[in-house]
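Enquirer: Would you mind keeping the following structure in view while I ask a few things?
The values are calculated or read from the model by the stated rules, or taken from the named source; none is laboratory data. Remember, predicted model here, so these are calculated numbers, not experimental data. Don't worry about glycine lacking a Cβ; one is built from the backbone with ideal geometry, like all the others, and counts go over all protein chains shown. Just the protein is used for accessible areas: all its heavy atoms, side chains included, with ligands, DNA and RNA removed. Shrake-Rupley method; radii C 1.70, N 1.55, O 1.52, S 1.80 Å.
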Amino acid sequence: TAGWSHLTNQESWMTEISDGNITPDDHTMLSGLEEAGWIHKCMTTGNMNAFLHWWIWSASTASLIDDATNTITKRPMVIGNYSKFVRPGFYRMGATAVPTGGVSVTAFKNTNNSSPTTFVVVAINGNNAAVNQTFSLNGLTATSVVPWVTDGSRDLVQQGAVAVSGNSFAYS
């Protein structure tokens with residue numbers, strides 16, 4: 001933002017972003033992780049209200065559909081980890097943005113008060129190996145959480161429920 005949205009009460013949306021270090025025709029998890037990093041930074045550092053990826057299909061940019069094979073890339077699967085669960089009217093809530101080296105976390109809730117009935121945690125593991133991460137739920141009530149995973153071999157796949165004990169849970 002230009003630094004004056006607090007004066008005009010305007011929302012801030014990310015509508016264009018250029019590829020960083022990833023080759024535009026790379027449709028692997030590497031490009032998915034780059035996309036996830038963009039979303040995370042827009043939501044946490046930029047405090048933006050929306051993230052839009054506008055290149056749906058293109059042979060020359062970071063598209064959501066692979067032009068050569070006519071298949072969906074990892075980018076929309078990563079976007080889905082946000083868009084499937086963070087619904088209109090949700091609010092970003094406090095979370096440790098980088099709880100462990102290479103891990104980024106963004107959290108959202110369905111209400112602007114301190115007692116949400118639904119919350120969403122999106123965790124990004126940018127490491128080359130699994131990380132066992134503990135999540136502490138302060139001010140939230142839950143007995144279990146249901147993870148969904150996008151990685152090199154899975155595209156937004158629901159996993160088994162994980163028990164919450166003492167307001168925390170761990171997930172690898």
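Enquirer: Calculate, for THR141 and THR45, the FRET efficiency according to 1/(1 + (r/R0)^6) with r their C-beta to C-beta distance and R0 30 Å; round to the nearest 0.05.
Expert: 0.55
Enquirer: Which value, in Å² and to the nearest 10, is the accessible area of HIS27 when all protein chains are kept and the probe is 1.4 Å?
Expert: About 40 Å², ignoring ligands and nucleic acids.
Enquirer: What accessible area per residue comes out for the range 95-148, rounded to a whole number of Å², with a 1.4 Å probe?
Expert: Per residue, the range 95-148 has 56 Å² of solvent-accessible surface.
Enquirer: Show me the ranking of peptides 76-83, 111-118, 143-150 by mean Cβ neighbours inside 10 Å, starting with the highest.
Expert: With the highest mean Cβ count within 10 Å placed first, the list reads 76-83, 143-150, 111-118.
Enquirer: Now a separate question. Just to verify a number: what accessible area does THR134 come out at with the full protein assembly present, 1.4 Å probe, Å² rounded to tens?
Expert: Accessible area of THR134: about 80 Å².
Enquirer: Sort largest first and round to whole Å: the equivalent ellipsoid semi-axes of the range 65-151, each the square root of five times a Cα gyration tensor eigenvalue. Don't jump to the answer; show the numbers that get you there.
Expert: Details: eigenvalues 135, 64, 22 Å².
Result for the range 65-151: semi-axes of 26, 18, 10 Å.
Enquirer: Right, here's the next one. Modelled label-to-label distance, ASN132 and ASN112, 7 Å Cα→beta-carbon offset: nm?
Expert: Label at ASN132, label at ASN112, 4.1 nm between them.
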